[in-house]
Every structure is written in structure tokens, then in C-alpha cells.
Amino acid sequence: MPDFAYIARNPAGQKVAGSITAATEREVLSILSGRSLFPVEVTAEKVAVTPNAHLKVRGQMMATVYSQLAALLKSGVPLLKSLAVLRDQTSHKNLKVILEEVHKRVEDGTTLADAMVRFPRAFSEMAVNMVRAGGEGGFLEDALERVAAFTEQQEDLKGRTVSAMVYPLLLGSAGTIVVSVLIIFFVPKFAPMFKNLRDRGELPWATDLLLSFSSFCGQYGLWVLGIAAIVGLFLNFRLKTPEGRRLADLVKIKVPLAGGIFLNFAVARFCRVLGTLLHNGVPILKALEISRDASGNRVLSEAIAKASENISSGHSLAGPLAQSGHFPRMVVEMIAVAEESNTLDTVLVNLSDDLEKRTSRRLDLAVRLLEPIMLIILAIVVLVVVIALLVPVIKISQTLG
């Protein structure tokens, strides 16, 4: 995120100048308002890229860092001393460098959140926003504990998903290799044997199609792979643009079968972060501004941003979310009831737990079904190849007999 230089006046009328790291100028104005400062001038400034911004740390390790930092702060250890303790005790090379940089910036007067935001591959956007809200609202220890719990939960979910997908991926890779070897190397050996049948038009259509496909793969397979690689590079480039990322996020939540799983996980992340912020006393507009990116989906973020505009005009949250057409009906109805009963923070966290549990069960079931389905598909493909080759062989044997 860029840095913004600002000039403002405090309640006493004194001029105050400084710098804030934020996503937009609007967010800077919101932060200044939260500090009881009246902005006079806000300008974006160019800042040199942090040399170690590329350093990466695993999410599970970052969850431990958040938890330990929260424990130190709750014990009364000052923030700078806490960061120094964590820096000195860690044996992870990247983490030590990152904590050293964060310690230096906090020592120079930068907020913890602004120091963290310079290392996007270590500190997630959700963690930075939660820490910023905790620092401004006076509940930094609680914010760090909740970030630790959320990060650990997400890493656990990611680990279970990856573990569940290992066998299907291995099975799919092995099946692709077996079928490719059959078609490219094994099937062409039968072409001379079937030449006479093919010339007389007596070759079964399945065998003819198989031989043609095998010949095409042998002659143009490398060209097809090259074109596929070029298309993949082009798509990868497009996905790095804002329009491409938005389109990918839209496809992700609309694709049949898997779309519901992606959507529920994204909505669950948003509900958890928003409920946590509201529970800690953050105003709803500020909480929505922070939590809208927690879903990790730009389409949902846009819908939440529109909902924020309607709330500032006096409308409810549930209405705009329902109008977007991207949020499940059950979620919208529960939010509407929670707004009426003034229990939005509790309902959102409970809703997040429920969504994650139900979606995890759906994901486990889908993975379990995927294994036999892939085995059946592989068996059918091999059977079709074998039958396509055996039928003309049997026909030739009968003719010779």
C-alpha cells in the first residue's frame, strides 16, 4: 500500500504533520478522523520499496508470532521490548530479518500496522487491518489473539484441503501419463497392421478415430503444448491486472459444483473479521472498510463497499448484500435478523463457524467422491483404447481363419 503525507490540525488548533500507510486517500481521511485530527492536506508520496519485502514466512509460524506477541503485551511488556524478544528467540532467518525491520520502524515512530504492511508475504492484509483497528481502538492484544486464532484456523483448513487433494492429484497425473504413453507410443504400432482394413473402409470408426488422434498427437503434440504454454502465460499476465483478477474471482464463485465451496469460505472469512471488529467496539463503517478485503474475493469486496455506502445513508447491511446477488440467502436473512436484534457481532462469528464447518464437510465429501470418479474415468479411457484396438485384431483373425 502507498504512503500518504498529511497536514492536519488537532482539537487545540495546532498543526500536525506526518505519514500514513493506507490503501486509499479516503482511508487516510478515516484514520485521521479516528485520531481526532482535521485534515488540511493529504498527498501521496513515493517511498522506496522495502529491500526485504519479498521475504516469506509460513502462515503457521506467523500464527505463533501473533499469539506470542499478544501474550507478551498482556503481561505488561512494552511493544518494542516484545518485538525484540520475538526477534531474538526466533531461529527462522526470514522472520528474524522481518521482525528486525518492524522493530526499527516502530522505534522510529511508525505504527505496528504500518510497519507490518511493508512485508505482504509475511503479514496478511487481514492481519494488518486487524492490528491497525486494534491499535486505534485500544484492543491490540485482543486483536493479535484473534488474528492468531484466525490464521491458525485458515492454515489448518488449507492443510486439510491439500492433504485431501494429494491422492486425487497423484491419481490424475498417473492416469494422464498412462493414457499419453498408450496413445503416443503404443497405438501407432498397430497402424501398419490395420492399413488394409482402413484402405477398404472396413476399419471400425472408433479404431479409425483413435489412430487419427494418435497420429495428430505424434505430429503436432509439441505444437499443442507450446500453444498451451503461451496461452497459460497470457492468462497469467491477465490475472495480474485488476480486471483479470476480478474476472477470475467472479468465475471462481460461479463455477458449478466448486463455486459454492469458494463462495462459502470467502463469506465465512468476511463474517468472522467483521464480527470480531464489531465485538471489539469498532464502528460498523470502519469495520466494513477493514473487513471487505478479508473475503479475498474482489467481487464480494465491491458488494460490501456498496453496502457501506448505503449504511452511511441510513440503510441496513442485509439489503445491499441481498441485492448484489453474490451472498447466500441464508447469510443475508441471518444478518437481517441480527440487525433487528442488535446481535450482529455474535451472529456473524457464529455464522462464520457454521459456514466453515458445513463447507469443510462438503469439501471432504467432494474429495472422497473425486477419487472413485477419477478411477472410473481412467478405467473407461483405457477400456475404450483396448477395445478399439482389439476389435479389428479379432476381425483380422477371423478373416485369416
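The table for this structure:
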read-out	value
Any hit, segment 65-83, residues being under 28 Å from the mean Cα position of the chain (by Cα) and more than 28 Å from GLU27 (Cβ to Cβ)	yes
Pair list, Cβ under 9 Å, 6 or more apart: segment 120-136 residue under 16 Å from LEU274 (Cβ atoms), other residue acidic (Asp, Glu) and at pLDDT below 75	GLU125/ASP293; MET126/ASP293; ASN129/ASP293
When residues of segment 247-288 are limited to those that are farther than 22 Å from ASN310 by Cβ and outside any helix (DSSP H, G or I), the one nearest to the chain's Cα centre (by Cα)	VAL255
Options VAL131, VAL117: the member that is buried (at least 21 other Cβ atoms within 10 Å of the Cβ), touching a strand residue (DSSP E or B) at 6+ places or on another chain (Cβ under 7 Å) and among the β-branched types (Val, Ile, Thr)	VAL117
Flag if GLU289 is charged (D, E, K, R) and surrounded by 12 or more Cβ atoms within 10 Å (Cβ to Cβ)	yes
Per-region count, segment 187-212, residues assigned to a helix (DSSP H, G or I) and surrounded by 14 or more Cβ atoms within 10 Å (Cβ to Cβ)	10
Criterion (closer than 30 Å to VAL178 by Cβ, surrounded by fewer than 20 Cβ atoms within 10 Å (Cβ to Cβ) and over 29 Å from the mean Cα position of the chain (by Cα)) met by exactly one of SER397, SER313, SER341	SER397
Qualifying residue in segment 273-296 (condition: within 30 Å of LEU369 (Cβ to Cβ) and at pLDDT 80 or above)	no
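The values are calculated or read from the model by the stated rules, or taken from the named source; none is laboratory data. Small disclaimer: the values here were computed from a predicted structure and weren't measured. Please note: Cβ atoms are built from the backbone with ideal geometry, for glycine as well, and neighbour counts cover all protein chains shown.
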